[in-house]
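The values are calculated or read from the model by the stated rules, or taken from the named source; none is laboratory data. These figures come from a predicted structure and were not determined experimentally. Cβ: placed from backbone, ideal geometry, glycine included. Neighbour counts: every protein chain shown. Keep in mind that these areas ignore ligands, DNA and RNA; they rest on the heavy atoms of the full protein, side chains included. Shrake-Rupley method; radii C 1.70, N 1.55, O 1.52, S 1.80 Å.
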Amino acid sequence: MDKIAVLIDAENVSKKYIKLIMDEVNEFGTPTYKRVYGDFSNPSVSSWKDVLSTYALTPVIQFNYVKGKNSSDSAIIIDAMDILYSGNVNGFCLVTSDSDFTKLANRLREAGMLVIGMGEKKTPTSLVAACEQFKYLDLLFAEEEEEQLKDLLAGLHPADIAEL
């Protein structure tokens, strides 16, 4: 079974997708490295703290030294290359909607790695095309919510549904 490094850009992806992310990664192999990158002093990133222990995620705290610049992107790229050369994985899951990772995805594929991308529908086509497979988290999340609603409604009596 493939060993997959999961690198999550928490400044670009909501924590609400974490279960979906890990479920999808498990379809491809075993997640080995599981890292979440971001400036945890930022409220949208600090919300990831709630799921770190549940999914055994390692936070990589990367403060933004200059407003408007994202230091996490560089940290993800450096770690990805370190992991690539460690020889410990067969693939990578890059969780981001940021086109800045297109070159990284291309480089990992050139090295023979499986590259799975995950992000929202807003992801530029360059990153989508650079990945072997790309999963749109917002669409998958909506499908999952729709299925849950159907299951809930299937268990209700028609009179109960009319009250809703």
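Here are the numbers:
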{"read-out": "Criterion: free of Cβ contacts under 8 Å to residues at least 60 places away in the same chain and among the basic types (Lys, Arg) - qualifying residue of Lys15, Lys3", "value": "Lys15"}
{"read-out": "Residue satisfying all of: in the stretch 126-157; outside any helix (DSSP H, G or I) and of a type in the set (A, V, I, L, M, F, W, C); modelled with the lowest pLDDT among these", "value": "Leu156"}
{"read-out": "Enumeration of residues in the stretch 98-132 that are in contact (Cβ under 8 Å) with a residue 40 or more places away in the chain and open to solvent by 40 Å² or more (accessible area, probe 1.4 Å)", "value": "Glu120"}
{"read-out": "Qualifying residue in the stretch 71-84 (condition: in a loop (DSSP other than H, G, I, E, B) and over 26 Å from Glu143 (Cβ atoms))", "value": "no"}
{"read-out": "Residue in the stretch 51-85 that is modelled with the lowest pLDDT, counting only those that are of a type in the set (D, E, K, R) and over 16 Å from the mean Cα position of the chain (by Cα)", "value": "Lys69"}
{"read-out": "The one condition in (1) surrounded by fewer than 22 Cβ atoms within 10 Å (Cβ to Cβ); (2) farther than 18 Å from Val128 by Cα; (3) among the small types (Gly, Ala, Ser) that Ser72 fails to fulfil", "value": "(1)"}
{"read-out": "Selected residue (criterion: nearest to Ser74 (Cα to Cα)) from residues of the stretch 1-28 that are of a type in the set (S, T, N, Q) and modelled with pLDDT under 95", "value": "Asn12"}
{"read-out": "Yes/no for Asp160 being closer than 21 Å to Ala5 by Cβ and either modelled with pLDDT under 95 or open to solvent by 40 Å² or more (accessible area, probe 1.4 Å) (or both)", "value": "no"}
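Residue-by-condition table, conditions (1) within 22 Å of Tyr17 (Cβ to Cβ); (2) touching a helix residue (DSSP H, G or I) at 6+ places or on another chain (Cβ under 8 Å); (3) among the aliphatic types (A, V, I, L, M); (4) in contact (Cβ under 8 Å) with a residue 40 or more places away in the chain:
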site	(1), (2), (3), (4)
Gln62	yes, yes, no, no
Ser71	no, no, no, no
Ser74	no, no, no, no
Ala80	yes, yes, yes, yes
Leu84	no, yes, yes, no
Gly87	no, no, no, no
Asn90	no, no, no, yes
Leu94	yes, yes, yes, yes
